[in-house]
Structure formats: structure tokens, C-alpha cells
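The values are calculated or read from the model by the stated rules, or taken from the named source; none is laboratory data. A quick note: this is a predicted structure, and the numbers were derived from the prediction, not measured. Counting neighbours? That spans all protein chains shown, and the Cβs are built from the backbone with ideal geometry, glycine included.
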Amino acid sequence: MAVTASMEYIARLLRRQQVKPADEALLALVFAEKPTQAQLDETLAVCDIEVMGAHKSLMLSYLLHEHPELTPSPYAGPRLKGLVSYFRFKNLETLAHFSKIGRVLNEAGLTPLIFKGAAMKFLRPGLSRPMGDVDILVPAARFDEAVKLCRKLGYTGRRVSHAINLMTPEGRYTVDIHHSFFPGRGMPPAFQQGLWARASRKQAFGVDVWLPSYEDLFFLVLVNLTRNLREKSSLAGLFYALFDCRFLFHAKAGFDWGLVRANAGLTGMEIEVRLAAEFIKALVPSLLPDLEAHLPLTRKVRNFFNQCVFDERFLAPKLKACRALLAVDVKNYPSRYVPLILKGLALKKLRQIPPFVRWYLKKRGVAHAG
């Protein structure tokens with residue numbers, strides 16, 4: 001099978017994340033359709049829970065929770081079973097701050113929308129996981145009001161483009177109040193209308209909240225996964241997105257992929273959604289269904305993958321060679337080095353033309369994305 005531009009780009013992301021054989025063994029076990037005792041024993045033989053650390057080992061705790069028929073070793077068993085309880089109690093302080101803030105917002109007539117870790121905690125109360133803070137969304141028109149209410153409670157805050165990170169006086173992060181999901185920009189009205197219309201009213205952790213639809217949560221998981229990939233977040237943190245996707249996709253009968261595609265189009269996040277889905281498929285091929293049937297490549301996404309491979313394999317080496325040249329080299333050997341410089345400058349300009357990039361990749365024998 002030919003290696004396409006998208007496959008090559010995802011392979012580079014996997015290398016960058018340094019996915020080791022032990023990580024692959026861990027994922028193969030915890031996402032197996034029917035994990036066996038032999039598979040658990042083999043995995044524990046190559047996955048040292050002390051070396052993996054609590055965040056990755058917690059995935060084995062999830063497995064034991066879902067498959068009580070499996071028996072870990074006498075050494076690993078008590079430690080793995082205790083991790084869920086450890087993180088449940090560790091998160092109590094964060095959730096207590098959210099309850100305090102949320103009740104004040106409710107009293108002011110504000111019902112926040114919860115997402116990310118807090119939403120997944122509400123949906124899967126038996127499976128705790130690392131939680132640094134609680135993320136909530138409020139209407140942009142009432143964002144400043146919400147911030148003032150929290151400051152009156154004694155919280156300080158660090159503003160970013162789309163949210164404020166609330167902290168205790170001691171500097172511990174507690175709640176992130178968002179007016180947009182996307183750093184540096186707001187949310188299109190059509191996307192917002194659909195998001196709030198599909199959300200359901202719930203009470204979570206003592207607070208009246210809005211819970212997004214499973215499809216909207218799935219969309220946000222994919223967008224955040226891509227953001228974390230670009231920011232090179234820890235591999236353990238990325239793995240939790242896999243659990244979220246599997247739960248959201250399987251827990252709702254008639255999961256509507258059309259809503260996920262619509263969200264991607266309305267927000268201009270087609271690239272982020274497809275990239276995250278490709279990354280998930282590369283890690284655990286069986287986790288998501290056929291992508292072409294549910295999240296087909298759009299022209300925008302095809303151009304992105306082609307351009308990334310073009311830049312990596314052809315443009316970057318040319319520019320690097322040009323930067324290494326000395327002025328005296330160009331002066332003494334113009335016939336040798338001037339064409340190299342001109343070609344580098346031309347490729348840098350032509351990279352912005354998708355048909356040229358596709359033609360160039362095809363000429364060089366690279367299976368472009370169409």
C-alpha cells in the first residue's frame with residue numbers, strides 16, 4: 001500500500017511523541033475488544049507500572065474496572081486498584097472549588113456549560129482521572145460578570161485570549177472560565193446556537209450546568225487532542241482522549257457523525273478534527289470506524305497534509321542549505337549556488353499553490369492526498 005501524505009505526516013507525529021513498544025503493548029491491551037488473562041500477563045511483563053507512572057498505569061486500572069474477571073499480579077493488583085480511589089480523592093478539592101464557584105454563578109442566573117474532564121467525570125463517575133482544573137463555558141456577554149463574581153470569592157485569575165484561569169490565593173488552579181473554546185478567536189454564531197440547543201440541563205457536583213451532546217463533546221476532544229499534539233503535551237495525557245472518544249462514540253446509540261462534520265465546517269476546524277482522528281487510528285486502528293465514511297478528507301485537509309509533507313521533505317532541506325551558505329561562497333561560485341537559492345525561494349513561494357504542491361509530490365513519487 002502506498003504511503004500517502006497524511007500517513008507520512010501522522011507517522012512523523014508518532015515519532016515526535018516517542019511512542020515506545022511498551023506504550024503500544026499498553027494500548028493494545030486496554031483497547032482490546034476481548035482482553036485475555038494471558039494478554040494482561042504479557043503486558044505487565046513489559047510495562048513496569050513504576051516506570052510508566054500513575055497517569056499511564058491508571059489506564060490499566062480502567063481495564064480492571066471494566067473487566068473484573070482479569071487478575072493482575074499480586075504486586076501490581078493493589079496498586080492499580082488503588083489508583084482510581086487516589087485520583088477520586090485527589091480531585092475532590094478541585095471539584096469543591098467548582099461547586100463553590102458554580103453555586104454563585106447559579107445564584108446570579110448563570111448556568112455554565114461543562115466540558116473536557118469535568119464532563120467526562122460526570123458521565124463516568126466511577127472512573128476518575130487526573131484533573132488539574134474544571135473547564136466551563138459561559139456566554140461571552142456575561143463573561144466579565146462571571147469573572148467579577150469569582151474575584152469577590154477571593155480567586156485571582158490569569159487571562160488568556162479565550163478564558164481566565166482562576167486560582168486560589170495560594171496559586172492553585174481551580175476553574176477555567178471560557179467565553180470561547182478556541183484560543184485567539186470567538187465562536188461562530190451558528191456553532192454556538194447548535195451547541196446550546198443540543199445541550200441538556202443537569203446537576204453536576206451540586207451545580208446546575210449544561211452538558212453538551214455526545215457529538216459536541218467528541219468534536220471538542222478531537223480539537224483539543226490536535227492542540228495538545230502541536231504543543232507536545234505528555235503522551236499519557238493524550239491517551240485519555242482515546243478513552244473519551246471510545247466512550248462517547250459507543251455510549252450513544254445512533255451517534256451522529258454528521259454533527260461532528262458540521263461542527264468542523266462551521267468552526268473551520270476540519271484539519272484539526274481529521275488530524276486527531278488519523279492520530280487515534282494510527283495508535284489504535286480499531287478504536288474508530290472508517291474515517292472516509294464518517295470524516296472524509298475535504299479539499300482543505302488534503303491541501304494541508306500535502307503541504308506539510310512538501311515542506312518537510314523538499315522545502316526545509318533547500319532552505320537549510322541556503323542558510324548555511326556564506327556570502328563568499330555565492331560570490332566565488334555563483335553558477336553553483338545562485339540556482340540553489342533561487343530554487344529555494346521559488347519553492348517557498350509556490351508552496352502556497354495547492355495544485356503545484358500536488359504536482360510536485362506526484363513528480364517526486366510521493367502519494368499525495370489527492
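Details
- Checking Pro317 against (1) assigned to a helix (DSSP H, G or I); (2) touching a helix residue (DSSP H, G or I) at 6+ places or on another chain (Cβ under 7 Å), the condition it does not meet: (2)
- Enumeration of residues in region 186-210 that are closer than 20 Å to Val175 by Cβ, touching a helix residue (DSSP H, G or I) at 6+ places or on another chain (Cβ under 6 Å) and outside any helix (DSSP H, G or I): Ala204, Phe205, Gly206, Val207, Asp208
- For region 118-129, a tally of residues being out of contact with any Asp or Glu (no Cβ under 7 Å at 6 or more places or on another chain) and surrounded by 16 or more Cβ atoms within 10 Å (Cβ to Cβ) returns 7.
- Residue within region 115-125 that is outside any helix (DSSP H, G or I) and among the charged types (D, E, K, R) present: yes
- Flag for Ala38 being in contact (Cβ under 8 Å) with a residue 40 or more places away in the chain and either exposed (fewer than 15 other Cβ atoms within 10 Å of the Cβ) or not charged (D, E, K, R) (or both): no
- Of the residues making up region 152-207, just one is in contact (Cβ under 8 Å) with a residue 12 or more places away in the chain and acidic (Asp, Glu), namely Asp176.
- Looking only at region 320-344, and only at residues there that are touching a residue at least 12 places away in the same chain (Cβ under 8 Å) and part of a helix (DSSP H, G or I), the one that is farthest from the chain's Cα centre (by Cα): Tyr337
- Test: residue in region 127-142 that is over 27 Å from the mean Cα position of the chain (by Cα) and either assigned to a loop (DSSP other than H, G, I, E, B) or not assigned by TED's automatic domain parsing to the domain that holds Phe249 (or both): yes
- Residues that are of a type in the set (D, E, K, R) and over 30 Å from Leu29 (Cβ atoms), drawn from region 69-110: Glu93, Lys100, Arg103, Glu107
- Within region 327-360, the set of residues being aromatic (Phe, Trp, Tyr) and surrounded by fewer than 14 Cβ atoms within 10 Å (Cβ to Cβ) comprises Tyr333, Trp359.
- First in region 59-80 and in contact (Cβ under 8 Å) with a residue 40 or more places away in the chain, second anywhere and buried (at least 17 other Cβ atoms within 10 Å of the Cβ), Cβ under 7 Å, 6 or more apart: Met59/Leu26; Met59/Val30; Met59/Phe239; Tyr62/Val30; Tyr62/Leu127; Tyr62/Phe243; His65/Val84; His65/Leu127
- Residue match in region 147-155 (condition: surrounded by fewer than 21 Cβ atoms within 10 Å (Cβ to Cβ), under 24 Å from Pro189 (Cα atoms) and of a type in the set (A, V, I, L, M, F, W, C)): yes
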